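The numbers here are math on the coordinates, done by the rules we state, and not lab data. Remember, it's a predicted structure, so these values are computed and weren't measured experimentally. Cβ: placed from backbone, ideal geometry, glycine included. Neighbour counts: every protein chain shown.
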Amino acid sequence: MHKKKTRTALDYLNDIMEAINDVRDFMGPMDMPAFSRDLMTLGAVTQSIQNIGEAIRNIPRDIKERHSSIPWKKFTDIQNRFLYRYYEVGPEEVCNVAKNDLGPLEASIANILKEIKND
């Protein structure tokens with residue numbers, strides 16, 4: 001029987017960074033028309049964005065409160081929309097999140113990781 005490892009905030013923060021890197025790798029220089037036609041990439045990017053939302057849900061409240069300038073709720077709201085209202089989400093919205101929202105989140109998470117490393 002496998003013993004489950006207890007996941008830490010560091011694990012979830014690294015999950016976010018990995019998912020952001022995955023989105024970047026999946027999309028590459030793809031433009032919107034190509035992205036909307038490539039269902040595998042669209043699905044992979046959507047799943048990675050959902051994973052970011054789930055990882056954020058598991059980050060302890062004290063970290064979220066110390067870094068209240070990060071729009072944590074925005075990303076969990078996006079996750080909910082992509083999961084439960086998927087029929088309303090088009091490729092443009094997924095692409096917009098990937099291209100416009102993940103860069104600032106990545107910079108913020110990188111700063112938190114530096115803080116943790118320096119503690």
With a bin width of 5 angstrom, please list the P(r) values of region 11-51 as percents of all Cα-Cα pairs, from the 0 bin to the one holding the largest distance.
6, 26, 30, 20, 10, 6, 2
Which value, in Å³ per residue, describes the convex hull spanned by the Cα atoms of the chain?
131 Å³
If the chain between Arg37 and Glu54 were fully extended at 0.36 nm per residue, the gain over the current Cα-Cα distance would be 3.5 nm
Apply 1/(1 + (r/R0)^6) to the Cβ-Cβ distance of Ile116 and Asp25, taking R0 = 22 Å, and write down the FRET efficiency to the nearest 0.05.
0.35
Taking a point 7 angstrom from the Cα of Thr8 along the C-beta vector, which residues in region 53-74 have backbone N less than 15 Å away?
59-60, 63
Charge context of Glu18, other residues only, Cβ under 15 angstrom, K/R +1, D/E -1:
-4
Once you have the Cα-Cα distance between Thr76 and Glu88, take 0.36 nm times their residue separation minus that, and quote the gain in nm to one decimal.
2.7 nm
Quick calc, Ala44 & Ser68: beta-carbon distance into FRET formula, R0 30 Å, rounding 0.05, result 0.45
Which one of Gly53, Gly43, Gly28 has the biggest mean-square fluctuation once the chain is modelled by GNM with Cα springs under 10 Å?
Gly28
Between Asn100 and Glu18, with labels modelled 7 Å along Cα→Cβ, what's the label distance in nm to one decimal, could you check?
2.9 nm
Separation of alpha-carbon centers, region 50-119 and region 1-48, rounded to whole Å
12 Å
